Amino acid sequence: AAALDAIGKRGVLRALWFVEDYRVMTYWRELARHYDHVFTIQTDECFAALRGATDARLSYLPCAFDPEEHRPVDLSDEERETLGSDVSFVGAGYRNRRVAFRRFLDLDFRIWGSEWGGAQDLERVVQRGSARISTEESVRIFNATRVNLNLHSSTYHDGVDPLGDFVNPRTFELAGCGAFQIVDRRQLLADAFVPGSEIAVAESVAEMRDLTRHYLAHGDERLAMALRAHARAYAYHTFLHRM
């Protein structure tokens with residue numbers, strides 16, 4: 001805060017791109033007043049809360065992806081064998097994911113990422129002992145997977161957050177890779193992609209499972225949807241577009 005104040009006294013504009021859920025990560029309460037502009041990935045209720053803490057100009061600025069990082073890649077047969085599966089998830093083992101993903105254990109399902117220790121039944125599909133996955137390798141996993149699950153994290157739900165609003169970075173990254181995804185319903189998702197045309201959207205874990213089985217059986221639909229999401233991402237959702 002002291003450094004931000006010193007910068008401001010020199011007449012330099014200070015901007016914060018707050019890419020967290022304001023309800024969970026609350027350090028904005030102390031820091032927001034030290035900025036001139038605050039950009040958020042949430043809107044109405046978030047803006048109302050921030051107005052009580054800062055006079056900064058508030059703007060909505062959703063997440064994005066880097067096309068030099070998240071992109072379609074050519075995979076070797078060995079990579080498809082070691083990294084590919086019908087269904088996969090890359091990410092941390094939050095509570096709602098630990099509960100929800102039990103519904104997918106009868107499928108060719110793999111989980112990649114950290115913080116899955118003690119996940120009981122899921123541990124048999126967790127890869128590499130729950131080791132952290134690099135960005136480059138996650139890109140290859142996305143490309144090798146037929147159906148990528150994208151369930152926004154929650155520490156206090158058993159599945160889909162019924163009040164979920166912001167769109168996570170993974171949504172844009174998967175689209176940038178040209179990878180097919182099923183994402184849980186988010187209030188701001190339709191501002192970024194066309195639900196049902198570019199991205200499959202589930203209202204519940206049960207629907208996420210039903211959609212998974214449908215798109216595994218309909219490869220042409222899956223590919224067409226992934227290509228449309230890829231085109232949308234490159235046209236509107238890179239970091240360059242945000243800047």
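The values are calculated or read from the model by the stated rules, or taken from the named source; none is laboratory data. Predicted model, so just to flag it, every value in this text is computed and none were measured. Cβ coordinates were reconstructed from backbone atoms using ideal geometry, including for glycine residues, and neighbour counts include every protein chain displayed. Side chains are part of the model used for accessible areas, which takes the heavy atoms of the whole protein and leaves out ligands, DNA and RNA. Shrake-Rupley method; radii C 1.70, N 1.55, O 1.52, S 1.80 Å.
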Contour minus Cα-Cα span, D106 to L240, at 0.36 nm per residue, comes to 44.1 nm
Computed Rg/Rh for the chain (Cα atoms; Rh = Kirkwood radius) stands at 1.00
Mean projected area, convex hull of alpha-carbon positions in region 187-243, reported to one decimal in nm², is 4.3
For the chain, the longest principal axis of the Cα atoms and the Cα long axis of helix 219-236 enclose an angle in degrees, to the nearest 10, of 20
To the nearest 10 degrees, the tilt of helix 135-144 (Cα long axis) against the first principal axis of the alpha carbons of the chain is 40
For region 1-66, listing chymotrypsin sites (Phe, Trp or Tyr not before Pro) in a DSSP loop whose Cβ sees at most 16 other Cβ atoms within 10 Å gives Y27
Using the Kirkwood radius over Cα pairs of region 1-61, the Stokes-Einstein translational diffusion coefficient at 20 °C and 1.002 mPa s, in µm²/s and rounded to a whole number, is 185
Note: R29 to L75 extended length (0.36 nm per residue) minus current alpha-carbon separation gives 12.0 nm
In vacuo Debye sum over C-alpha of region 132-174, base-10 log of normalised intensity I(q)/I(0) at q = 0.18, 0.24 Å⁻¹, listed in q order, is -0.65, -0.94
Of all C-alpha pairs within region 37-109, those more than 15 angstrom apart amount in percent to 74
Once Lys and Arg are counted +1 and Asp and Glu -1 for all other residues with Cβ under 11 Å from that of E137, the total becomes +1
Helix 205-217: inclination vs the chain longest Cα principal axis, degrees, rounded to 10, gives 50
Whole-number value, in Å³ per residue, for the convex hull of the alpha carbons of region 130-235 is 106
Mean separation of Cα contacts under 8 Å (at least 6 apart) over the residue count of region 36-127, i.e. the relative contact order in percent, is 21
With a 1.4 angstrom probe the carbon and sulfur portion of accessible area for the chain, in percent, totals 48
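Quick check on the chain: helices-only [θ] at 222 nm, where DSSP H runs of length 4 and up contribute -39,500 (n - 2.57) each and the sum goes over total residues. Nearest 500, please.
Only helices count here, giving -10000 deg cm²/dmol.
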Output for region 25-72: GluC sites (Glu not before Pro) sitting in coil per DSSP, at most 14 other Cβ within 10 Å, listed by number, reads E68, E69
Projected onto their principal axes, the Cα atoms of region 96-180 stretch, largest extent first, over whole-Å spans of 33, 31, 23
